[in-house]
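Colleague: Here's a structure for you.
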Amino acid sequence: MKGASMNKAPLSEAPEKKGSMSVNSAKENPRKESPREDAFLGIDVGSISTKGVVTNAHNDILCSEYIWTEGDPIGAVKRLLRSLEARFDAERYRIVATGATGSARKLVGSIVGATIVKNEITAHAVGTISKHPEVRTILEIGGQDSKIILIENGVAVDYAMNTLCAAGTGAFLSSQARRLGIEVEEIGDYALRSKHPTPIAARCTVFAESDLVHKIQMGHPREDIIAGVCQAVAANYLNNVGKGKKIAGPIVFQGGVSKNRGVVAAFERALDQPIIVDEIGHLMGALGMAILARRAEARSPFDFRIEDMEFHTREVSCGRCTNNCEIICVYRDNKLIDSWGNRCERGQLRHEAS
């Protein structure tokens, strides 16, 4: 009957008779080891810090690291990978795709053989949205630059960056902390003790430092001056990076400066809105790249052994046309592996001998 045939299980799924498997057949079909799960590596190399995150297929962080770049992005990446490898479960996972972002993303992408390279705006937006799906505004302040990203329906629709003035960055806070004789980590505690923050000029680093020295000489209490510095950071950011932007909540504040409670409080007063500070906010760019690497189709097994390879860069002046491009060449063990900076095909050095 037609109906009866539909209820029959396929031959391969038919139940076996009890005791039908012999001892010999069991030996011939030993239990196979479970295949390793896919993992994804995201790296964010900036001028001040270098971050790395390894995630699984569900965007869960398996291991992460945050170190100082110290003016050596190649060395920083090697140290980063060495630290990640020590905590990576290679018996359970295998890294199948890698993403790179940050100011040194092209260089790092070449070194690690990244399957995807993206700008910081995209990386930070993707990472933040994965943790805070309702976010509308991302405030990010790093060591030497800052940015704002506006989100609508889970998509970045506008952004702005400030890389010219350091008055609203971590470098500015560090220099003022040294001037005041305290550790930069103490700024937040001092600022929150202030009842009457001292106004500090926020237009640029030079004016801010000059005004701060003047207020010190006038005898303003240290905690009031520090609170004023935090307010100056927030004001500088909003008057420059955030100028003309509609800052709507929920607002997520990230980057190294987001760990400063004094600056967080200053933003909350200025915007009259609560500010969300994620405990892994400093890793959002790297997390975003791990997620983007997972989403992309490209796959390339990652090998931690690049830690032992020698890399160096060299600038080459093309001179083959009037553009006279300055081309950056990357070498691995003295072999050219990548180059960029050319504005026409005459400057293509990728496949040429060094």
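The values are calculated or read from the model by the stated rules, or taken from the named source; none is laboratory data. Keep in mind it's a predicted model, so treat the numbers as computed, not measured. Using ideal geometry, Cβ is built from the backbone for each residue, glycine included, and neighbour counts are taken over all protein chains shown.
Colleague: Among the listed residues Arg294, Arg305, which satisfies the condition of being free of Cβ contacts under 8 Å to residues at least 40 places away in the same chain, part of a helix (DSSP H, G or I) and among the basic types (Lys, Arg)?
Modeller: Values: Arg294 fails: free of Cβ contacts under 8 Å to residues at least 40 places away in the same chain.
The match here is Arg305.
Colleague: Quick one: is Glu134 surrounded by fewer than 22 Cβ atoms within 10 Å (Cβ to Cβ) and closer than 22 Å to Lys259 by Cα?
Modeller: Working: surrounded by fewer than 22 Cβ atoms within 10 Å (Cβ to Cβ): yes; closer than 22 Å to Lys259 by Cα: yes.
It is true that Glu134 is surrounded by fewer than 22 Cβ atoms within 10 Å (Cβ to Cβ) and closer than 22 Å to Lys259 by Cα.
Colleague: How many residues are modelled with pLDDT under 85, hydrophobic (A, V, I, L, M, F, W, C) and surrounded by fewer than 18 Cβ atoms within 10 Å (Cβ to Cβ) if we restrict to region 185-233?
Modeller: Matching residues across region 185-233 total 6.
Colleague: Going by the conditions given, is Ala114 touching a Gly at 6+ places or on another chain (Cβ under 8 Å), more than 18 Å from Ser258 (Cβ to Cβ) and crowded, with 21+ Cβ neighbours inside 10 Å?
Modeller: Here the answer is yes, as Ala114 does meet what is asked.
Colleague: Ok, one more. Residue check: is Gln254 within 30 Å of Asp38 (Cα to Cα) and in the same structural domain as Gly154 (by TED's automatic domain parsing)?
Modeller: Details: within 30 Å of Asp38 (Cα to Cα): yes; in the same structural domain as Gly154 (by TED's automatic domain parsing): yes.
For Gln254, the condition - within 30 Å of Asp38 (Cα to Cα) and in the same structural domain as Gly154 (by TED's automatic domain parsing) - is met.
Colleague: Kindly provide the set of residues from region 87-108 that are touching a residue at least 40 places away in the same chain (Cβ under 8 Å) and of a type outside the set (A, V, I, L, M, F, W, C), ordered by number.
Modeller: Once the filter is applied, which keeps residues that are touching a residue at least 40 places away in the same chain (Cβ under 8 Å) and of a type outside the set (A, V, I, L, M, F, W, C), region 87-108 yields Glu91, Arg92, Tyr93, Arg94, Thr98, Gly99, Thr101, Gly102, Ser103, Arg105, Lys106.
Colleague: Oh, and also: In region 119-128, is there at least one residue being surrounded by 21 or more Cβ atoms within 10 Å (Cβ to Cβ) and more than 19 Å from Ile276 (Cα to Cα)?
Modeller: Filtering region 119-128 down to residues surrounded by 21 or more Cβ atoms within 10 Å (Cβ to Cβ) leaves 120-121, 123-128.
Next, from what is left, pick out any that are more than 19 Å from Ile276 (Cα to Cα): 120.
Looking through region 119-128, at least one residue is surrounded by 21 or more Cβ atoms within 10 Å (Cβ to Cβ) and more than 19 Å from Ile276 (Cα to Cα).
Colleague: Something else about it: Ile276 is checked against (1) within 28 Å of Asp211 (Cβ to Cβ); (2) in contact with a Pro (Cβ under 7 Å, 6 or more places away or on another chain) and fails just one. What number does that condition carry?
Modeller: Single failed check for Ile276: (1).
Colleague: From the list Ile121, Ile141, exactly one residue is among the aliphatic types (A, V, I, L, M), in the same structural domain as Ser258 (by TED's automatic domain parsing) and under 25 Å from Ala235 (Cα atoms). Which is it? Break it down into steps so the answer makes sense when it comes.
Modeller: Details: Ile121 fails: in the same structural domain as Ser258 (by TED's automatic domain parsing).
The unique qualifying residue is Ile141.
Colleague: Still on this structure: For Gln144, which of the numbered conditions (1) in a loop (DSSP other than H, G, I, E, B); (2) under 27 Å from His58 (Cβ atoms); (3) touching a helix residue (DSSP H, G or I) at 6+ places or on another chain (Cβ under 6 Å) fails to hold?
Modeller: The number of the failed condition is (2).
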